[in-house]
1. Within region 118-143, which residues are open to solvent by less than 40 Å² (accessible area, probe 1.4 Å) and either basic (Lys, Arg) or closer than 23 Å to Ser79 by Cα (or both)?
2. Could you give me the residue pairs with C-beta distances under 6 Å whose first residue belongs to region 126-137 and is farther than 15 Å from Ser98 by Cβ, whose second residue is part of a helix (DSSP H, G or I) wherever it lies, and which are 6+ apart or on separate chains?
3. Of the residues that make up region 76-93, is at least one of a type outside the set (S, T, N, Q) and farther than 25 Å from Asn36 by Cβ?
4. Tell me which helices (runs of 4 or more DSSP H) are completely within region 13-117 and hold 1 or more residues being open to solvent by less than 70 Å² (accessible area, probe 1.4 Å), out of contact with any Leu (no Cβ under 8 Å at 6 or more places or on another chain) and modelled with pLDDT under 95, or say none if there are none.
Amino acid sequence: MYYEDGKKLIEKKYFNQALKYFQTCLKNKPNDLRANFQMGKIYYELNDLNKSILFFEKCNKIQPNTPNILFNLALILQSTGKIKEAKENYLKLISINSRDIKSYYGLLTLDTSNITPEFNYKLQTLNNDEDVSIFEKSLINFIFSKLERKKNNVEDEIKYLEISHKQSYE
């Protein structure tokens, strides 16, 4: 009951009130994965990133290598300047699922050199895969545009940006 009530408060953006519900959940069951996950999200929304990291790290201990937990943790680590740790999480996500476009994008935002030739090839393959969504292809083409920009190839950068933009609105 507390869990569902807390989620409703999060949806209404009543984060401080939701926090109390999930704290109650955790008093009764400290290793409840869902309650710890929601605490991580709440602290992120309240801009208490260090507490958010603690809760997502606890989630990762409770249920290791869960993509949603690792991705949230990577984003927050990146936001706090913990680039090496964020990169490790993105790489772990890609090792779990090499089709996780968001994690390639995360690596790109850390440093374009993180997109290795192997990753570039994988992204090219995914870009030609009919099972990849248009949104994901848009993100892939955006990544390609930034790689072209790094090479000072403005013409190809613009070409990929146009493709990405077009795909965003399909």
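The values are calculated or read from the model by the stated rules, or taken from the named source; none is laboratory data. Note that the coordinates shown come from a computational prediction; the quantities given were computed from them, not determined experimentally. Because the Cβ atoms are built from the backbone with ideal geometry, glycine has one as well, and the counts that use them run over all protein chains shown. For the accessible areas, the whole protein counts, side chains as well, though only heavy atoms, and no ligand, DNA or RNA atoms are used. Shrake-Rupley method; radii C 1.70, N 1.55, O 1.52, S 1.80 Å.
1. Within region 118-143, Lys137, Leu139, Ile140, Ile143 meet the criteria.
2. Ile134/Gln167; Lys137/Asn127; Lys137/Gln167
3. Within region 76-93, none of the residues are of a type outside the set (S, T, N, Q) and farther than 25 Å from Asn36 by Cβ.
4. Where helices (runs of 4 or more DSSP H) fall fully within region 13-117 and carry at least 1 residues being open to solvent by less than 70 Å² (accessible area, probe 1.4 Å), out of contact with any Leu (no Cβ under 8 Å at 6 or more places or on another chain) and modelled with pLDDT under 95, they are 15-28.
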